[in-house]
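The values are calculated or read from the model by the stated rules, or taken from the named source; none is laboratory data. Quick caveat: nothing in here was measured; it's all calculated off a predicted structure. Cβ: placed from backbone, ideal geometry, glycine included. Neighbour counts: every protein chain shown.
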Amino acid sequence: MAEPLPGTSALVDLINSLPDPDGTWGPPITNETTLNGVPYAPYSKSDKLGRMADWTDAKDGRDGRSRQQYNRSYRDQQVYGAGSASLFAAPAAEDEASFSVVSNVRDSGKARFGRGAVFTRGRTQRGRGGQDARGGGRQQFQRAGRAGQQYGGYDSRSGARGGGARGRRFGWKDYDKPQRNRDASINIRPDWKLLEEIDFNRLSKLNLEADEGEDIDSYGFLYYYDKSYDKPAVKSAERKLAVVDRAVYNVTTTSDPIIQELAEKDEATIFATDSILSMLMCAPRSVYPWDIIIVRQGNKVFLDKRDNAALDMVTVNENAADAPLEASEGSKDAINQPGALAEEATYINHNFANQVVIENENQKVEMAHENPFYSASEETEPPASKAYKYRRFDLSTSEEDPTYLIVRTELDAVQKNATNGEDQFITVHALNEFDNKAQGSGGALDWRSKLVSQRGAVVATEMKNNSCKLARWTVQSILAKADVMKLGFVSRATPKANDKHVVLGVIGWKPKDFANQMNLQLSNGWGIVRTIADMCLQREEGKYALVKDPNKSILRLYEVPAGGLDDEEEGSEAGSASAEEE
């Protein structure tokens with residue numbers, strides 16, 4: 001018989017000394033975590049041991065990934081004692097134990113599957129991406145398909161939990177977008193009382209059908225439009241935008257003598273100008289702040305504005321995804337900031353409308369009455385080509401309660417119809433290009449090279465970047481019952497100078513056709529006007545301020561106490577006086 005190996009007798013004696021009540025090898029079942037004063041990791045006797053020892057390299061040579069990361073089947077093997085690792089972890093400090101993680105994310109109680117389910121896409125997936133979420137960037141949405149659908153955060157292809165292999169992805173360069181903090185258009189004083197707060201979603205659902213309106217009276221005169229501007233400009237002979245000084249008036253509602261006469265005759269309940277009314281009707285498209293002063297006198301409502309109000313300025317790329325930046329937002333280009341661009345666009349529109357008409361005293365269309373705002377003894381400049389039409393619309397919802405609105409509309413020129421030779425009334429406006437490569441251009445094409453060859457793409461881009469401005473112009477044209485709306489395309493002579501411009505071309509549309517292209521519904525605008533008017537008619541007489549929130553899609557209606565706007569009016573008058581002195 002062979003002699004035992006040295007040391008084996010001591011091992012046998014140790015094994016025999018261990019208690020074994022059940023007849024199986026191993027320590028007894030106990031809840032203690034120490035055995036003879038030595039800590040050990042308890043385990044179940046049914047646990048499987050993967051390997052007694054693994055002497056292989058931690059990496060298998062495939063792109064530097066470990067075996068567990070590369071081989072999916074390896075993850076099913078249990079690591080011995082892994083479930084009890086926390087027993088030997090260092091105890092947490094008392095102060096840390098008092099803290100807890102609180103999540104402000106609302107978990108939906110229902111899982112959304114099938115149609116209406118929300119799908120996210122990983123960084124490597126391609127597709128059309130999504131919706132503009134204000135203040136939070138653009139989240140990308142994608143329907144189920146080959147791109148790997150995810151139900152409730154579970155990837156059906158890889159079986160991995162979470163928002164995709166690389167997590168949630170925002171829109172292009174949204175991480176670099178600054179937080180917009182615009183200032184309000186009017187100083188809201190503490191003594192103003194907040195009456196209503198209406199978000200744009202509610203405004204978009206309002207609807208009221210109205211008639212096409214009827215003419216009450218007309219004032220002023222119109223020159224004929226110069227049709228040579230409809231031809232595309234030749235590069236070698238671009239037309240420069242000329243400075244044409246003409247007397248143009250933008251009188252507010254309560255200062256209009258004609259409206260005051262009509263109000264005294266009880267011709268209507270609501271009174272406004274086309275500029276103010278178009279801003280209210282197109283409110284859901286607006287981004288920049290603005291305000292309207294509403295005056296309730298007796299059973300009448302006057303939609304008014306302050307001097308040098310924000311809605312008098314022509315905005316530029318207001319609706320662009322990457323709108324022009326203010327100086328406080330990091331913009332170093334002074335001439336391409338929103339305020340400077342608005343002044344430039346307003347200056348262009350004023351001069352362009354005067355330039356594209358043929359000033360011939362023998363060939364002009366006279367309205368029934370002369371211009372009510374022009375006084376030859378006081379003015380040093382001749383009056384501009386402008387016709388004022390006072391029109392009435394029926395906004396009644398029932399025969400028992402008739403409600404009418406009178407608006408002062410404006411026309412800019414007249415032209416002969418090529419078919420029958422009759423006169424057509426037209427409105428004239430101008431879009432302006434500052435620099436298609438600068439920040440805030442909204443991905444606009446180069447007009448000089450693309451306006452003729454890709455006119456549709458140029459107009460579509462302007463509809464996207466200037467949705468509110470174009471909608472207002474279209475509404476004003478429809479309110480005035482204009483036959484044609486002329487849009488001029490004016491660009492800077494050099495991108496770095498904002499005082500010299502050239503006219504690249506003019507395109508004409510029928511206002512209603514242009515409204516259909518923009519998905520503009522006048523019935524929604526009339527519903528907004530009637531709703532705001534009813535809110536004021538239910539209140540006491542006095543002044544109210546309808547203010548667009550500078551950073552949110554919300555309208556707020558304030559009750560303004562007596563004298564609450566005196567400081568604003570004095571400040572605007574002082575600002576205009578200082579501007580005139582300069």
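Couple of notes before you dig in:
- Applying a threshold of 6 Å to beta carbon distances and a minimum spacing of six or more residues, or different chains, the list of pairs starting in the stretch 372-399 at a residue that is more than 30 Å from Thr531 (Cβ to Cβ) and ending at one that is surrounded by 21 or more Cβ atoms within 10 Å (Cβ to Cβ) and among the hydroxyl-bearing types (Ser, Thr, Tyr) reads Ser385/Tyr223.
- Boolean, Asp155 is at pLDDT below 90, acidic (Asp, Glu) and surrounded by fewer than 15 Cβ atoms within 10 Å (Cβ to Cβ): no
- Residues of the stretch 495-512 that turn out to be farther than 25 Å from Phe425 by Cα, out of contact with any Asp or Glu (no Cβ under 9 Å at 6 or more places or on another chain) and basic (Lys, Arg), as a count: 1
- Single residue of the stretch 413-432 satisfying the filter (of a type outside the set (A, V, I, L, M, F, W, C) and at pLDDT 95 or above) that is surrounded by the fewest Cβ atoms within 10 Å (Cβ to Cβ): His429
- Residue list for the stretch 360-382, restricted to those being assigned to a loop (DSSP other than H, G, I, E, B) and within 21 Å of Ser255 (Cβ to Cβ): Met367, Glu370, Asn371, Pro372, Phe373, Tyr374, Ser375, Ala376, Ser377, Glu378, Glu379, Glu381
- Some residue of the stretch 402-410 being at pLDDT below 95, in a loop (DSSP other than H, G, I, E, B) and surrounded by 18 or more Cβ atoms within 10 Å (Cβ to Cβ): yes
- Of the residues making up the stretch 383-401, those that are part of a loop (DSSP other than H, G, I, E, B), touching a strand residue (DSSP E or B) at 6+ places or on another chain (Cβ under 8 Å) and farther than 19 Å from Ala353 by Cβ are Leu395, Ser396.
- Residue match in the stretch 374-395 (condition: more than 28 Å from Phe221 (Cα to Cα), under 32 Å from the mean Cα position of the chain (by Cα) and buried (at least 17 other Cβ atoms within 10 Å of the Cβ)): yes
- Test: residue in the stretch 357-369 that is over 20 Å from the mean Cα position of the chain (by Cα), within 18 Å of Val287 (Cβ to Cβ) and touching a residue at least 40 places away in the same chain (Cβ under 8 Å): no
- On inspection, Arg189 qualifies as within 26 Å of Pro289 (Cα to Cα) and either assigned by TED's automatic domain parsing to the domain that holds Ile528 or at pLDDT 90 or above (or both).
- The stretch 311-348, residues that are surrounded by fewer than 20 Cβ atoms within 10 Å (Cβ to Cβ), in contact (Cβ under 8 Å) with a residue 60 or more places away in the chain and either at negative phi or among the polar types (S, T, N, Q) (or both): Asp312, Ala320, Ala321, Asp322, Leu325, Glu326, Ser328, Glu329, Ser331, Asp333, Ile335, Ala340
- When we screen Ala210, Ala184 for residues that are in contact (Cβ under 8 Å) with a residue 12 or more places away in the chain, closer than 23 Å to Leu522 by Cα and surrounded by 14 or more Cβ atoms within 10 Å (Cβ to Cβ), the only hit is Ala210.
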